[in-house]
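S.K.: Can you read through this structure? Questions will come right after.
The values are calculated or read from the model by the stated rules, or taken from the named source; none is laboratory data. Keep in mind the model is a prediction, meaning the values are calculated, not measured. FYI the Cβ positions are ideal-geometry reconstructions off the backbone, even for glycines, and counts take in every protein chain you see. Please note that ligands, DNA and RNA were not included when accessible areas were found on the heavy atoms of the full protein model with its side chains. Shrake-Rupley method; radii C 1.70, N 1.55, O 1.52, S 1.80 Å.
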Amino acid sequence: MDRYAVIGNPIAHSKSPAIHAAFAAQTGQCLRYKAILAPLDGFAACVAEFRAAGGRGMNVTVPFKLEAYALSTRRTARAQAAGAVNTLAFDGAEVLGDNTDGAGLVRDIQHNLAFPIAARHVLLLGAGGAARGAILPLLDAAPASLCIANRTPAKAVELAAAFAREDSPSPTGCGFDALAGRRFDVVINATAASLADQAPDLPHALYAPGALAYDMMYGRGDTPFLCAARADGAAHLADGLGMLVEQAAESFLLWRGVRPLTRPVLEHMRAQLASG
Ligand code: ATR
């Protein structure tokens with residue numbers, strides 16, 4: 001049986017084993033998928049041990065995505081753009097590093113939520129690893145504009161400059177105050193504010209009619225960002241549970257060549273989350 005794993009620290013609450021088990025059952029793929037807790041200074045050793053035991057691939061989560069990037073012998077374009085790797089595929093001596101987080105986000109928005117990004121004005125909040133991973137997939141979806149806004153403005157300006165394009169509108173970067181008076185069709189929270197039970201401190205009236213507010217985080221109820229977005233008039237709200245399931249599906253596709261149906265798995269995860 002082919003073996004896969006998710007590796008991180010902490011890892012006990014990872015939903016990836018349940019998601020991949022559901023994908024395997026649904027597609028009839030014969031595989032095992034487990035969670036591995038790596039010591040903070042023992043990521044590479046754990047990966048080497050799993051490979052030596054015949055492991056075929058891994059998902060990588062906090063705090064090892066940069067180490068996974070460094071460990072890869074080949075990287076996909078989206079992993080290079082993200083500067084981080086959340087999916088490893090082992091093939092002989094080769095370690096392929098991919099990043100499926102941004103693709104999972106865009107697929108959740110466009111496919112599951114049926115909200116096309118093309119020709120829309122998109123605001124991405126945050127300039128850390130989560131935001132960086134989303135930029136290339138968002139630009140590939142051909143928005144009318146992509147604005148990256150961050151609490152520390154210089155980081156957003158720098159990130160936008162790193163993704164400047166010649167063939168289509170380049171992203172722009174700014175601080176939160178500079179958003180005053182502007183309106184967006186899609187606002188994505190990629191800040192870590194929700195971890196501290198906070199919402200980013202944004203100007204009001206950011207949402208155009210019919211706009212979507214999307215939080216990469218998820219929880220039992222609405223996140224602080226989504227609560228603030230509702231109060232500010234966002235027409236549609238979504239949390240990051242769909243992104244979680246979609247990034248897993250992208251990894252599964254890379255490893256197995258089969259795209260699983262995500263809707264039943266997402267519905268199951270949502271029901272589990274609601275029941276605590
Ligand atoms: P991640 O990998 O999850 O993106 P990170 O690289 O540490 O984590 O980045 C955290 C992001 O969340 C940063 O953009 C940070 O803003 P700063 O660059 O100004 O630090 C943002 N962030 C964290 N807490 C925030 C808060 N309470 N309000 C707004 N932004 C916040």
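Yes/no matrix, rows are residues, columns are (1) within 16 Å of the ligand (Cβ to nearest atom); (2) part of a loop (DSSP other than H, G, I, E, B); (3) open to solvent by 20 Å² or more (accessible area, probe 1.4 Å):
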{"residue": "Pro143", "(1), (2), (3)": "no, yes, no"}
{"residue": "Cys147", "(1), (2), (3)": "yes, no, no"}
{"residue": "Ser168", "(1), (2), (3)": "no, yes, yes"}
{"residue": "Asp201", "(1), (2), (3)": "yes, yes, yes"}
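S.K.: Now a separate question. Just to be sure I understand, how many residues within the stretch 6-24 are in contact (Cβ under 8 Å) with a residue 60 or more places away in the chain and either on the phi > 0 side of the Ramachandran plot or in a loop (DSSP other than H, G, I, E, B) (or both)?
M.R.: Counting residues in the stretch 6-24 that are in contact (Cβ under 8 Å) with a residue 60 or more places away in the chain and either on the phi > 0 side of the Ramachandran plot or in a loop (DSSP other than H, G, I, E, B) (or both) gives 1.
S.K.: Search the stretch 163-183 for residues that are assigned by TED's automatic domain parsing to the domain that holds Leu136 and over 14 Å from Leu124 (Cα atoms) and pair each with any residue that is assigned to a loop (DSSP other than H, G, I, E, B) and away from the ligand (no atom under 16 Å from the Cβ) when their beta-carbon atoms are under 6 Å apart and the residues are at least 6 apart or on different chains.
M.R.: Ala164/Ser170
S.K.: Let me ask another. Sort through Ala228, Ala248, Ala193, Ala205 and tell me the only one that's surrounded by 18 or more Cβ atoms within 10 Å (Cβ to Cβ), assigned by TED's automatic domain parsing to the domain that holds Asp108 and either over 22 Å from Val157 (Cα atoms) or of a type in the set (Asp, Glu) (or both).
M.R.: Checking each option against the conditions leaves just Ala228.
S.K.: For residues that are part of a helix (DSSP H, G or I) and touching a residue at least 40 places away in the same chain (Cβ under 8 Å), tally how many sit in the stretch 25-50.
M.R.: 4
S.K.: If you don't mind, another one. What is the one condition in (1) assigned to a strand (DSSP E or B); (2) within 19 Å of Gly129 (Cα to Cα) that Leu105 does not satisfy?
M.R.: The single condition Leu105 does not satisfy is (1).
S.K.: Moving on. Pick from Ala156, Ala114, Ala127: which is assigned by TED's automatic domain parsing to the domain that holds Leu206, surrounded by 18 or more Cβ atoms within 10 Å (Cβ to Cβ) and out of contact with any Ser or Thr (no Cβ under 8 Å at 6 or more places or on another chain)?
M.R.: From the options Ala156, Ala114, Ala127, the qualifying one is Ala156.
S.K.: Where residues in the stretch 113-134 are among the hydrophobic types (A, V, I, L, M, F, W, C) and within 8 Å of the ligand (Cβ to nearest atom), which of them is farthest from Leu241 (Cα to Cα)?
M.R.: Per the criteria, the residue is Ala127.
S.K.: Right, next: Could you please find all residues in the stretch 88-112 being in contact with a helix residue (DSSP H, G or I) (Cβ under 7 Å, 6 or more places away or on another chain) and more than 16 Å from the ligand (Cβ to nearest atom)?
M.R.: Leu88, Ala89, Phe90, Val95, Gly97, Asp98, Ala103, Val106, Arg107, Asp108, Asn112
S.K.: Further question: (1) open to solvent by 70 Å² or more (accessible area, probe 1.4 Å); (2) part of a loop (DSSP other than H, G, I, E, B): which one isn't true of Glu67, the others all being true?
M.R.: (2)
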